1. With each label point set 7 Å from Cα along the Cα-Cβ vector, what nm distance links S195 and R103?
2. Give me the extension gain from S207 to E143: residue separation times 0.36 nm, minus the current Cα-Cα distance, reported in nm with one decimal.
3. What is the chain's relative contact order, in percent, from Cα pairs under 8 angstrom and six or more apart in sequence?
4. What percentage of the solvent-accessible surface of region 1-45, computed with a 1.4 Å probe over protein heavy atoms, is contributed by carbon and sulfur atoms?
5. Stokes-Einstein at 37 °C, 0.692 mPa s, Kirkwood radius from Cα pairs: D for the chain in µm² s⁻¹?
6. Using the alpha-carbon atoms, what tilt in degrees (0 to 90, nearest 10) does helix 76-93 show relative to the longest principal axis of the chain?
7. So if I take the alpha carbon set of region 51-179, get Rg, then get Rh from the Kirkwood formula, what is the Rg over Rh ratio?
8. Here are some pairs, K6/K237; K237/K257; K17/K138; which of them have Cα atoms lying more than 24 Å apart in this structure?
Amino acid sequence: MTARIKRSVLRLSIPLKEPFVTSTGVVSARELLLLRLESSDGTVGYGEAAPFEPYDGVPLERAIAALSGGGGRRPPQARAAEEIARLDLEARQEERPLAEPVRDALPVNLTLPAGPPGEVAERAREGLRAGYACFKVKVGLPEDSERVAAVREAVGPWPALRVDANRAWTVDEAVAHIRELEQYDLEFVEQPCRSLDELRQVRGRVSTPIAADESVASARAVRRAVEAEACDVVNVKLASAGGFKPAREALRLARAKGLGAFLSSTLDGPWGIAAALQLAAAEDLQLACGLATLELFDSPLARLLPAPVNGTLKVPSGPGLGVELDEALLVEALTKNGDDRS
């Protein structure tokens, strides 16, 4: 890669079509950072830093400081942006995709935010008509049973149905709620409690498979989960793992140890989604991935990648991430003081 690199950090705010409700709170717009690297030959590479404090405890300001040359330990989201921007730049210069995908499309789940059961069920019906075969319902809030029952009734018996509590329950609460929800034929329950030990206890008392998400941000954490027999499935996120290569290591370790594995996002932008799609396709993941979240945004940036078709997402073929950007689109998403050159 050319030695002379110009870099800038853009702070973006991308509005959602409607508030996204989970047990961790309500989100109306997604703030994230975009690292832009430009080589002396004019090639540009992008990497996205997508900390989400309600989920990972990392304030956006910490990632800004790390990407802008501040001291201290860099959060994984900043490391991910650095790595993926560099890989994107290198791959664009070599006119190849960032990864080596072995598939050109991947199945994805439709994520259903928490809400009144009737409204959530109607979104599920729309997803079924659009060809989705896997649905994820956010739980850990009032009316969980009614909401999950309404979705199962709306989609019928054959689509896969997952629920995600985002660490909302104690062990006893999780066991009680999961036993109540098991009648709806769940594929798995994602992160019902906070710690791996709590997941292990829940797993021993219910029949539905348990998926770990927040507890398995790295390959080291996946190894701990395996040793503790805490889960059956892992949900890996590029941002939380610290980038493409650490996420790949976590996926490979999980699968080698007999766990199911998939990738998802925390309402990432198109650059994070593109990187995750290329990784999932390179690793030939079979479980539906949680990457169909750009549809939740009300922004032209959400249309930089093709929309899902029949419950699948096309894998970008490159060059690099395969996200072709008219940088004028960034202007409306820039927050005040959102362009820091370094």
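The values are calculated or read from the model by the stated rules, or taken from the named source; none is laboratory data. Quick caveat, the model's predicted, so the values are computed rather than measured. Using ideal geometry, Cβ is built from the backbone for each residue, glycine included, and neighbour counts are taken over all protein chains shown. The protein model used for the area step is the full one, side chains on, heavy atoms only, and it has no ligands, DNA or RNA in it. Shrake-Rupley method; radii C 1.70, N 1.55, O 1.52, S 1.80 Å.
1. Result for the modelled spin labels: 3.6 nm.
2. Details: separation 64, 0.36 × 64 = 23.04 nm, distance 2.19 nm.
Full extension from S207 to E143 adds 20.8 nm.
3. Numbers: 789 pairs, mean separation 79.2, N = 342.
Contact order relative to length: 23 percent.
4. On the way: 1000 of 2060 Å².
Whole-percent figure for carbon plus sulfur exposure: 48.
5. Reported coefficient: 162 µm²/s.
6. Once rounded, the angle reads 50 degrees.
7. Working: Rg = 20.0 Å, Rh = 18.1 Å.
So for region 51-179, dividing Rg by the Kirkwood Rh gives 1.11.
8. Numbers: K6/K237 28 Å; K237/K257 19 Å; K17/K138 18 Å.
Result: K6/K237 exceed 24 Å.
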